[in-house]
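Just below is one structure, and these are the notes that go with it.
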Amino acid sequence: MHKHHSALGLATALRPVQPVTLLRPHAAARAARFFVEKFQGRSMYAVKANPSPDLIQILWENGITHFDVASIAEVRLVAGVAPEATLCFMHPVKAEEAIAEAYFNHGVRTFSLDSVEELEKIVRATEGATDLTLCVRLRVSSEMSKLSLASKFGVEQAEAKELLQRTRQVADALGICFHVGSQAMSPSAYVQAMERVRAAIVSAAVTVDVIDVGGGFPSVYPGMEPPALEAYFGAIHQAFESLPVSYSSELWCEPGRALCAEYASLLVRVERRRGDELYINDGAYGALFDAAHIGWRFPVKLLREPDSNARDVAFSFYGPTCDDMDRMAGPFMLPVDVGPGDYIEIGMLGAYGCAMRTGFNGFTAGERVIMDDEPMASLYIADEDVREAVSSNVIKL
Ligand SMILES: *Cc1c(COP(=O)(O)O)cnc(C)c1O
């Protein structure tokens, strides 16, 4: 596929009518290598953040060998794209048929659970297999994360003892996993969760072979600038070292967002302006679900030649469907003279952006193109390098 060097060049040369997804394989590869080299344990990619086969292939080629899958469709997908990969079925509530297919047809040996009922289901579906790694999901706080994952899954501290003991009797290897919530803004979220893990291990008095700290590793968005990922890795490793687990135990993590946020951005066109509201050609039913439904802010940049030198003001966006809910409040800061026919790049949509797209109202994805410039923001490029970057695309949030 032909590689484009700048979003501005693409917009001015092609003037696309449909939204265009701009893919940056080098950014996903860089994120994968960062985790593989710097996280002192095993990093597995949480496929739900972006199930694109191209992305799975890139991560695999850059050292991600394990994949966190949550549905039988994700199992089949990764098995097809990277047949040598190890799959871990980390959804605590699964269909029995899905467990059986994963175990017997796709070699899945690692499953998570947060109830005795699920444990019994796994035993039945695998016909009493003795080669399972079973991870008990603990409920932990989401208070330091932008997106809570604290209510739906996870066994309460009071019931953890019995579940850990019963799982230990069935499992070849016993793990404990948790999820601190997505976009965790402080490493202490993991440290606090590890304290819950410690209490659970002490109370159940079981031998634990795997500690899986889940996802939640942040990316960078306007108004959300987290500490460096190394600070997270350091705090997690230190907490892990102090846990009462066997010396051969393993440390795992399941990053979704952090591995793919920088992989994709979106090129959209303004179709109409009404005051400080811009009607653009993608929205809540496209790649902007989080911008609409949870008020997530993404970086934006006007792509016009010559560049506007008007001052920036706050805009909100409407998407293309006929639905009032197709609205992204922002605020998105753009030059005050932006108007119909202008193109805008919306950055950092590789995670939970492209993955959420529907075809509602006939507005579907446009073209996907490969870029070799840098993403609009990055946790993997040092500040000096950003300033030096070949492209002028990188903006200061
Ligand atoms: C969603 C999810 C992840 C990935 O979370 P991020 O916040 O994107 O890193 C990891 N593990 C489980 C079990 C999940 O549900």
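The values are calculated or read from the model by the stated rules, or taken from the named source; none is laboratory data. As the structure is a prediction and not an experimental result, all values here were calculated from the model. Neighbour counts run over all protein chains shown; Cβ positions are idealised from the backbone, glycine included. Only protein heavy atoms, including side chains, enter the accessible area calculation; ligands, DNA and RNA are left aside. Shrake-Rupley method; radii C 1.70, N 1.55, O 1.52, S 1.80 Å.
Worth pointing out:
- Across region 159-187, the number of residues qualifying as within 27 Å of the chain's Cα centre (by Cα), farther than 21 Å from R124 by Cα and not aliphatic (A, V, I, L, M) comes to 8.
- Pairs with Cβ under 6 Å, 6+ apart, first in region 77-101 and more than 23 Å from W60 (Cα to Cα), second within 16 Å of the ligand (Cβ to nearest atom) and outside any helix (DSSP H, G or I): P92/S112; P92/L113; P92/D114; P92/R137; P92/F153
- Verdict on V208 being assigned to a loop (DSSP other than H, G, I, E, B), more than 13 Å from the ligand (Cβ to nearest atom), more than 25 Å from H293 (Cβ to Cβ) and open to solvent by less than 10 Å² (accessible area, probe 1.4 Å): yes
- Residue, nearest to the ligand (Cβ to nearest atom), within region 175-205, restricted to residues that are assigned to a loop (DSSP other than H, G, I, E, B), aliphatic (A, V, I, L, M) and farther than 16 Å from D114 by Cβ: M185
- Filter pass, F111 being within 27 Å of A204 (Cβ to Cβ) and touching a Phe, Trp or Tyr at 6+ places or on another chain (Cβ under 6 Å): yes
- Flag for M194 being modelled with pLDDT under 95, buried (at least 18 other Cβ atoms within 10 Å of the Cβ) and in the same structural domain as H66 (by TED's automatic domain parsing): no
- G366 being of a type in the set (G, A, S) and modelled with pLDDT of 95 or more: no
- Taking the conditions (1) away from the ligand (no atom under 16 Å from the Cβ); (2) touching a residue at least 60 places away in the same chain (Cβ under 8 Å); (3) surrounded by fewer than 24 Cβ atoms within 10 Å (Cβ to Cβ) in turn, L288 satisfies each one other than (3).
- Taking the listed residues P16, P25, P53, the one that is over 22 Å from A125 (Cβ atoms), open to solvent by 10 Å² or more (accessible area, probe 1.4 Å) and touching a Gly at 6+ places or on another chain (Cβ under 7 Å) is P16, with no other qualifying.
- Candidates A189, A231, A199, A205: the one that is on the phi > 0 side of the Ramachandran plot and among the aliphatic types (A, V, I, L, M) is A205.
- The residues in region 324-354 that are away from the ligand (no atom under 16 Å from the Cβ), closer than 25 Å to G216 by Cα and not in a loop (DSSP other than H, G, I, E, B) can be counted, and the count is 6.
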